[in-house]
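Taking it in order: structure first as structure tokens, then the write-up.
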Amino acid sequence: MASPAPKSPEQSEKSKKYDRQLRLWGDDGQVALEQAKVCLINATSTGTEILKSLILPGVGAFTIVDGKKITEEDIGCNFFLDADSCGQSRAQVATQLLLELNPDVRGDYVDENAEVLLENNPDFFNSFTVVIGTSVPERLLILLSKKLWNLDIPFVSCQSYGFVGYIRLQFTEHTVVETHPDNEIPDLRLDAPFPELKQHMDTVDLESMELKDHAHVPYVIVLYKYLEKWRQANDGRLPQTYKEKESLRELIRSGILTDEEGIPQAEENFEEAIKAVNYAVIPTVVPPEVRKILDADCCVNLTSESKPFWIMAKALRDFVEGEDQGRLPVRGSIPDMTADTHRYISLQQMYHSQASKDAEVVFKHVQQLLHQLNQPPDTISEKDVRLFCKHAVNLHVVRGTSLADECVAANRENIALALENPESTMIFYIMLRGVDRFFAEYNTYPGEFDNQVEPDIAKLKACISKLLVEWGCGPFPKDDYVHEICRYGAAELHSVAAFVGGCAAQETIKLITHQYKPLNNTFIYDGITSNTATYVF
Amino acid sequence: MSSGETPDNFHYRWNHVRKILERPGPFCHPNEDRSVNVLQFIMNTCKILVIGAGGLGCELLKDLALMGFRSIDVIDMDTIELSNLNRQFLFRRKDIGSSKAEVAAKFLNSRIPGCVVTPHCCKIQDYDESFYRQFHLVICGLDSIVARRWINSMLVSMQTYDDDGELEESSIIPMIDGGTEGFKGNARVIIPGISACIECTLDLFPPQVTYPLCTIANTPRLPEHCIEYVKVLLWQKENPWNVPIDGDDPSHVTWIYEKALDRASQFNIQGVTYRLVQGVVKNIIPAVASTNAVISAACSTEAFKLATRCFLPLDNYMVFNDVDGIYTYTYEAERKEDCLVCGQVQRTLTIKRSGMKLEELIALLCEDAELQMKNPGLTALIDDKSRTLYMPRGTIEEQTRANLKMTLEELGLRDGTQLVVADATSPSTAVLTLKFVPPIDVEMQ
Ligand SMILES: [Zn+2]
């Protein structure tokens, strides 16, 4: 055998342990996770559940900030506080028990209230990749929100309150290259094949083929051939309406070989071509979301501070402008299709080598830009650029909003709109904000004590009314909801905490790895009906 | 009953749960009993069975124990592997090779005083009705569809009807089922005889990806095709160790990897990696801690609702996906009138052509999206006599093997013949009525 069989890669312990997740976010995602340092404020049940789902997959390090002493109630709902730990530091015990989950992870704690810590040591939070807060009272929330917004550190605020859960992500801007969409439309360029592809497809002569060959031409070529025919008969246009697409499908169908009796043969490649008319016969354009990214101010006007994402975006923009048709680089992969090996592989290689050429052009732009910006040339590797180009059509940028701003002035239209439906999950957002105000005013949670439930209902109602007046929203939600929230009395139920914790952990991993699209930006879980909703504030 | 009778820290430790159970609320289940008794019930009476002590199972045990359940049994026949440790948080490196059920139970019992988790290191098929009868609730955290279908069928078969043909409520054991794959998952509540069962919605399970043999043998295009070639064809031919493939044996995986690499380079195919080979050989499903946590939490919340009646349970299916933001969707999956397991109407199997051989009928039972049988054994009721057509195991397999090549007509099957099917997916048999379209009799005229 001519090919030198490379030695089998003996897998490392680590890659064996993390195998099931590496299949999702890959080695690059794992490296990002292992370099991350997260901070948890308050080791509530929700908080330790979040950390659990970060420590198991191997986050680099965590720090718990919590000045509370463990109560029996804490033990009742938190798996990472053991039965003998009553009265001890909640930060310390949780850290110890969480560390048992994964020897690869470092962890420490600060047995101090976060507000005091922020005052005494304002730089404490500077070194974290993400900060997570659970059940943080509004006053501290606003301080933290401002601090972290200015430091450009993402902040995840969560709460489990009775049967209701809440997650809010705060970041200034979040960029994603690998969004891993569930359904991806292949990038085939049938409307405008690049020269090598066109030449390749033009040399194929379907008419002269015997069945065996005819049935093994990749559908991409079949589709192209009949599309060309259709376009010649229709002033070079692409079929757009259903009727036009149907006539193209008919045309392809007419090309299926028949036997002596005139019965069409089974040619799967033609069937695939017919199916592909819907999604593969589309003009190759820059999608609006990507156009917005390329036209963004921080893309057009780079500075020496610009991050790699934006430098690559600018290089991509230069590529698109330099390309006569204004198209993105070729992705370079094609889906599997009925074909013989040789025809399929040559077609695949054609797309692949064009993708490499395109990426090379983009990389040249990147190098020029790095030079102009006085950034080191190794800031961005060729591999980074290839990945960026491969996913160019799915690039994703979200600009966030600050929680502190939201606390002062919430998105009124949003709330008012949702309140038109009296059953809207938004009601729980309003209730939780009401609870925050209640706590700010009375330094206790509504219904926290058994004998206070009834009187607290009226007080909570007053808090919520004030909020709604502030926001200029109405009408007041049904009293039932106020009563329901009040009877929860700040109870943290483990299964609700585990639901919120799991969700929040994955959002944190998205923020760390810059893969998959994160929540934008507020998530409400209604455990009573098992429904959830997402709102933008 | 006064709360003083229960042990350790009862009063404070369960304060969170007590607020939900003892304080009246406007959204509570209409039949709820708001008293200390409810907590007493889940702590001292309610028995829960958790099936599976893997990614979902570990989470379920923790969630249930911290919601106040104290009598929990767990079944799992598997042992702990290194690749479990990224999510199965009750296990440590030192536990590798030990029984999942036993290690999980021991951990829970030591962390949460008063909680009694009883492990069963065996298959669910090792127990019969008398075992399952003792539970108030069954929660499944399985990756096997066959096991899910089996327990579903078991629970449905345990229902009893009174003289008027009404379902007896005391015989109902609700089943909660969770499933995950990567960032996707689902949680559902099945009240046997009332809401859709696993078999009613069998077509929700996606068929397994398979590659046509001719592609593997003649026209490979993907790295997967090269790996399948070695796995399906070359292993049998060369059989390097004279044993079936063991996906956990590194020397087996390495052999397949190297041969697949050879084949790929022969055809100029890129992308055969060790990780991909493992994935294809072991049919690995990606898994991450967070999704398992979310789905188990959803299942446990429903268990809590069902056991305490604090709220109406989920009716009856929730889908979860956090690939793009966090998406959930809740809907009512519908029962199938002619469900093979819980249906009231007998199911018909339509045979669309004459001359079908028995082996083709068996293939049909396996391929039909609503039946998805695994290795069915068939008996026909012909003229009130039962005739064994085919049994997949034992000496009877040899005796009935010849029937596989016979046509249904030759075997005496007619329009309206009842077919009794035994399959690994159910502890009991199912009956199907054959319907020939067009009817054979007409065609023969
Ligand atoms: Zn059913």
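Things worth noting here:
- Pairs are defined by a Cβ separation below 9 Å, a sequence spacing of at least 6 or placement on different chains, a first member in region B:334-363 that is modelled with pLDDT of 95 or more and open to solvent by 60 Å² or more (accessible area, probe 1.4 Å), and a second member that is hydrophobic (A, V, I, L, M, F, W, C) and near the ligand (Cβ under 9 Å from one of its atoms); the pairs so defined are B:E334/B:A196; B:E334/B:C200; B:R335/B:A196; B:R335/B:C197; B:R335/B:C200; B:R335/B:C342.
- For region B:197-218, the set of residues classified as within 16 Å of the ligand (Cβ to nearest atom) and either among the small types (G, A, S) or crowded, with 18+ Cβ neighbours inside 10 Å (or both) consists of B:C197, B:I198, B:E199, B:C200, B:T201, B:L202, listed by residue number.
- Evaluating B:L432 against the criteria (1) under 27 Å from B:I151 (Cβ atoms); (2) out of contact with any strand residue (DSSP E or B) (no Cβ under 8 Å at 6 or more places or on another chain) leaves one unmet condition, (2).
- Test: B:F89 is in a helix (DSSP H, G or I), aromatic (F, W, Y) and either out of contact with any helix residue (DSSP H, G or I) (no Cβ under 6 Å at 6 or more places or on another chain) or surrounded by 23 or more Cβ atoms within 10 Å (Cβ to Cβ) (or both): no
- Remark: pairs (first residue in region A:102-121, more than 14 Å from chain B (Cβ to nearest Cβ) and β-branched (V, I, T); second residue open to solvent by less than 30 Å² (accessible area, probe 1.4 Å) and assigned to a helix (DSSP H, G or I); Cβ separation under 7 Å; 6+ apart in sequence or on different chains) = A:V110/A:A91; A:V110/A:L117.
- Screening A:D19, A:D66 for residues that are over 18 Å from A:R106 (Cα atoms), assigned by TED's automatic domain parsing to the domain that holds A:V110, modelled with pLDDT of 95 or more and of a type outside the set (K, R) leaves exactly one candidate, A:D19.
- When region B:318-333 is filtered for residues that are among the hydrophobic types (A, V, I, L, M, F, W, C), in a loop (DSSP other than H, G, I, E, B) and away from the ligand (no atom under 16 Å from the Cβ), the ones remaining, listed by number, are B:V323, B:I326.
- Where helices (runs of 4 or more DSSP H) fall wholly inside region A:302-393, the ranges with 2 or more residues that are in contact with a Cys (Cβ under 9 Å, 6 or more places away or on another chain) are A:308-322, A:341-372.
- The one condition in (1) modelled with pLDDT of 90 or more; (2) over 14 Å from the mean Cα position of the chain (by Cα); (3) within 16 Å of the ligand (Cβ to nearest atom); (4) over 21 Å from B:T429 (Cβ atoms) that B:S157 fails to fulfil: (4)
- Of the set (1) away from the ligand (no atom under 16 Å from the Cβ); (2) under 30 Å from B:V323 (Cα atoms); (3) open to solvent by 20 Å² or more (accessible area, probe 1.4 Å), all apply to B:A187 but (3).
- Of the residues making up region B:167-181, just one is crowded, with 21+ Cβ neighbours inside 10 Å and of a type in the set (S, T, N, Q), namely B:T180.
- Matching residues, region A:230-282, being open to solvent by less than 30 Å² (accessible area, probe 1.4 Å), among the small types (G, A, S) and over 14 Å from A:A215 (Cβ atoms): A:A276, A:A280
- Hits in region B:263-282 - residues which are under 15 Å from B:V230 (Cα atoms), of a type outside the set (A, V, I, L, M, F, W, C) and either open to solvent by 30 Å² or more (accessible area, probe 1.4 Å) or touching a Gly at 6+ places or on another chain (Cβ under 9 Å) (or both): B:S265, B:Q266, B:T273, B:Q278, B:K282
- When the criteria are applied in full, B:Q278 fails the requirement of being free of Cβ contacts under 8 Å to residues at least 24 places away in the same chain, closer than 28 Å to B:S144 by Cα and not aromatic (F, W, Y).
- Of all residues in region B:207-223, those satisfying the criterion of being of a type in the set (A, V, I, L, M, F, W, C) and in a loop (DSSP other than H, G, I, E, B) are B:V209, B:L222.
- Residue selected from region A:118-144 under the condition part of a helix (DSSP H, G or I) and open to solvent by less than 60 Å² (accessible area, probe 1.4 Å), by the criterion nearest to A:K37 (Cα to Cα): A:F125
- Taking helices (runs of 4 or more DSSP H) as the structural unit, those lying wholly within region A:15-117 and holding at least 3 residues that are of a type in the set (D, E) correspond to A:19-35, A:72-77.
- Of the candidates B:D315, B:D246, the single residue that is assigned to a loop (DSSP other than H, G, I, E, B), more than 16 Å from the ligand (Cβ to nearest atom) and either open to solvent by 30 Å² or more (accessible area, probe 1.4 Å) or more than 7 Å from chain A (Cβ to nearest Cβ) (or both) is B:D246.
- Restricting attention to region B:318-333 and to residues that are surrounded by 20 or more Cβ atoms within 10 Å (Cβ to Cβ) and out of contact with any Leu (no Cβ under 7 Å at 6 or more places or on another chain), the residue that is nearest to B:F41 (Cα to Cα) turns out to be B:M318.
- Counting residues in region A:20-41 that are within 10 Å of chain B (Cβ to nearest Cβ), free of Cβ contacts under 8 Å to residues at least 24 places away in the same chain and under 18 Å from B:F91 (Cβ atoms) gives one or more.
- Boolean, A:T513 is open to solvent by less than 10 Å² (accessible area, probe 1.4 Å) and either facing chain B (nearest Cβ under 7 Å) or modelled with pLDDT of 95 or more (or both): no
The values are calculated or read from the model by the stated rules, or taken from the named source; none is laboratory data. Not measured: the values here are computed from a predicted model. Cβ sites come from the backbone with ideal geometry, for glycine too, and all protein chains shown count toward neighbours. Surface accessibility is based on the protein's heavy atoms, side chains included, excluding ligands, DNA and RNA. Shrake-Rupley method; radii C 1.70, N 1.55, O 1.52, S 1.80 Å.
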